[in-house]
1. Once segment B:104-153 is represented by equal point scatterers at the alpha-carbon sites, with solvent omitted, what log10 I(q)/I(0) does the Debye formula produce at q = 0.24, 0.29, 0.30, 0.33 Å⁻¹?
2. So what does log10 I(q)/I(0) come out to for segment A:1-86 at q = 0.13 Å⁻¹, using the Debye formula with one equal point on every Cα and no solvent?
3. With only alpha-carbon atoms in the gyration tensor, what are the semi-axes of the equivalent ellipsoid for segment B:26-156, in Å, largest first?
4. Sort all Cα-Cα distances of chain A into consecutive 10 angstrom bins from zero, then give the percent of pairs in each bin up to the one containing the longest distance.
5. Using Cβ counts within 10 Å as a stand-in for footprinting exposure, how do A:24, A:40 rank, fewest first?
6. Sort B:161, B:123 so that the residue with the fewest other Cβ atoms within 10 Å of its own Cβ comes first and the one with the most comes last.
7. Provide A:81, B:165 in ascending order of the number of other Cβ atoms located within 10 Å of each residue's Cβ, fewest first.
8. Distance in nm between label sites at residue A:137 and residue A:8, each 7 Å beyond Cα in the beta-carbon direction?
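Computed from the coordinates by the stated procedures, all read-outs in this text should not be read as laboratory data. Predicted model only: the values in this text are computed from it and were never measured. Cβ: placed from backbone, ideal geometry, glycine included. Neighbour counts: every protein chain shown.
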């Protein structure tokens with residue numbers, strides 16, 4: 001699954017802010033850390049601020065800080081702000097999609113989409129921060145395969 | 001194979017609901033007298049009363065002396081506010097022994113107090129005592145509330161993919177199935 005650049009930037013940003021909701025972080029700091037253009041990031045942060053997920057703090061030491069609820073905000077809530085999740089019924093623009101082969105392929109792709117969406121809906125920022133913490137402590141993120 | 005109780009849809013993500021003050025629930029094995037509040041809790045959450053089903057679960061898991069079967073309840077001041085059921089299964093789907101959680105629920109008014117976490121911790125402790133080192137569950141992908149709960153406890157997608165089909169597809173006609 002590939003997310004658009006803006007979506008990934010938004011996820012990086014909210015996770016940075018949610019790590020310490022009391023800390024003000026400048027756009028430049030995030031842009032530098034994730035090697036993206038500050039101008040590009042500013043547009044993403046503006047969207048997040050408009051949605052009430054972050055708030056800007058002016059003045060010396062200003063920047064942005066987290067304004068959402070990390071235990072309630074899911075990855076899907078952020079992703080939906082930047083990605084179009086058209087259902088198969090709404091999106092019939094691909095050539096060949098109405099053919100029997102196209103419809104069968106569409107059913108398989110739809111399965112994958114549904115699983116991806118359910119996954120994004122089930123993971124809150126708080127859960128992501130715990131994953132991040134485990135990763136930083138060197139613990140495996142996934143269970144051993146059996 | 002497994003059944004995890006459906007919960008209400010999760011609240012809108014950006015709501016600022018403050019967590020309630022924790023109320024320490026005692027986790028203990030189910031008793032016969034607990035069945036009534038469990039049936040009522042399940043009926044409230046799922047909208048269906050399934051008394052016979054819960055009676056059979058009690059006989060199988062509650063009244064069982066086998067260590068690998070667990071039916072636990074969360075008790076707050078003598079009131080049952082939640083339950084969890086699971087068992088250790090050997091070679092289910094070809095996998096070595098592991099614990100399966102197939103039902104967990106907490107009364108809607110008792111949520112956000114860590115009760116679900118305590119129930120899961122208790123049943124996992126039982127699984128460890130039974131000698132297994134892995135726990136699994138399966139639930140509807142639409143059940144965002146419980147899915148989020150298990151995720152928050154560190155569970156991630158396992159190596160299995162659930163499959164199903166309508167039984168009218170097994171008559172030999174490849175076009176007889178209903179793809180959903």
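1. Summing over Cα pairs of segment B:104-153 leads to -1.00, -1.20, -1.23, -1.30.
2. Debye curve over Cα of segment A:1-86, log10 I(q)/I(0) at q = 0.13 Å⁻¹: -0.37.
3. 22, 18, 15
4. Per 10 Å bin, starting at 0, the Cα pair percentages come out as 10, 33, 30, 18, 8, 1, 0.
5. On the way: A:24 17, A:40 13.
Ranked by crowding around the Cβ, least crowded first: A:40, A:24.
6. Numbers: B:161 8, B:123 23.
If I rank by nearby Cβ atoms, fewest first, I get B:161, B:123.
7. On the way: A:81 16, B:165 12.
In increasing order of surrounding Cβ atoms, one gets B:165, A:81.
8. Going by the 7 Å Cα→Cβ label model, 2.8 nm.
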